[in-house]
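Below is one structure, written out as structure tokens; the observations come after it.
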Amino acid sequence: MRGALIVVFIFVVIALGLIISLNKPIKKNSVINLSPTKVMINSKKISLLEVEKHNTADSCWLAIEGKVYDVSPYIAGKKHPGRGAIIQGCGKDATSLYNTRPMGSKTPHSDRAKRLLSQYYIGDLAD
Ligand code: HEM
């Protein structure tokens, strides 16, 4: 009898956990991590015209490989090892600059830089 009660209790706890996790609202533009695949939902489309308005260090948007990033906080934090080089890409499709670093080593950024970059994603470049 006691064993049966314990089984019922465990079942109720699992069922409640499932109900709570399934009821969580999905935020717009958020990343669902279905490890190892990351799925973007409702990603915002941003035109190059809009990107071009953010061409200063204080408001710096970069388009890289079809994705748009607002790297202003990264610049403000003075965290970029390549210092001012990043400013050259503000308000532009900076794919080539970012991948070839003509003013520096002329090599692509590291995987660490790519992970950092993903934190500043704000939407997809509109066609
Ligand atoms: C137009 C955009 C950018 C340009 C032109 C640029 C350029 C550079 C340059 C010249 C260096 C010095 C090292 C070298 O020459 O190899 C560097 C290093 C670095 N940059 Fe950038 N950068 C840009 C954007 C970014 C962004 C958006 C991030 C991350 C949010 C980033 C993260 C890093 C990191 C972590 C390093 C250290 C070396 C490495 O890990 O590859 N950069 N960058």
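The values are calculated or read from the model by the stated rules, or taken from the named source; none is laboratory data. Owing to the predicted nature of the structure, the values given are computational and were not obtained by experimental measurement. No Cβ is skipped: glycine too gets one built from the backbone with ideal geometry, and neighbour counts run over all protein chains shown.
The table for this structure:
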quantity: Cross-chain or 6+ apart pairs with Cβ under 9 Å, the range 105-127 first and closer than 15 Å to A94 by Cβ and more than 7 Å from the ligand (Cβ to nearest atom), then among the small types (G, A, S) and part of a strand (DSSP E or B); calculated: L125/A63
quantity: The range 59-74 - residue that is assigned to a strand (DSSP E or B) and free of Cβ contacts under 8 Å to residues at least 60 places away in the same chain and, of those, farthest from Y121 (Cα to Cα); calculated: C60
quantity: Neighbours by Cβ (under 6 Å, 6+ apart or cross-chain): first from the range 75-91, part of a loop (DSSP other than H, G, I, E, B); second acidic (D, E) and more than 6 Å from the ligand (Cβ to nearest atom); calculated: G91/E52
quantity: Any hit, the range 113-125, residues being of a type in the set (V, I, T) and in a strand (DSSP E or B); calculated: yes
quantity: Which numbered condition G91 misses (of (1) at pLDDT below 95; (2) on the phi > 0 side of the Ramachandran plot); calculated: (1)
quantity: Residue satisfying all of: in the range 66-77; within 16 Å of Q119 (Cβ to Cβ) and not aliphatic (A, V, I, L, M); farthest from the chain's Cα centre (by Cα) among these; calculated: G77
quantity: In the range 95-104, residue farthest from V68 (Cα to Cα) [restricted to those that are near the ligand (Cβ under 6 Å from one of its atoms) and surrounded by 16 or more Cβ atoms within 10 Å (Cβ to Cβ)]; calculated: L97
quantity: Residue list for the range 52-90, filter: more than 18 Å from M103 (Cβ to Cβ), hydroxyl-bearing (S, T, Y) and either within 8 Å of the ligand (Cβ to nearest atom) or surrounded by 15 or more Cβ atoms within 10 Å (Cβ to Cβ) (or both); calculated: Y69, S72
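Residues checked against (1) of a type outside the set (A, V, I, L, M); (2) touching a Phe, Trp or Tyr at 6+ places or on another chain (Cβ under 9 Å); (3) at pLDDT below 95; (4) over 24 Å from L125 (Cα atoms):
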residue: V8; (1), (2), (3), (4): no, no, yes, yes
residue: I41; (1), (2), (3), (4): no, no, yes, no
residue: E50; (1), (2), (3), (4): yes, yes, no, no
residue: A57; (1), (2), (3), (4): no, no, no, no
residue: K79; (1), (2), (3), (4): yes, no, yes, yes
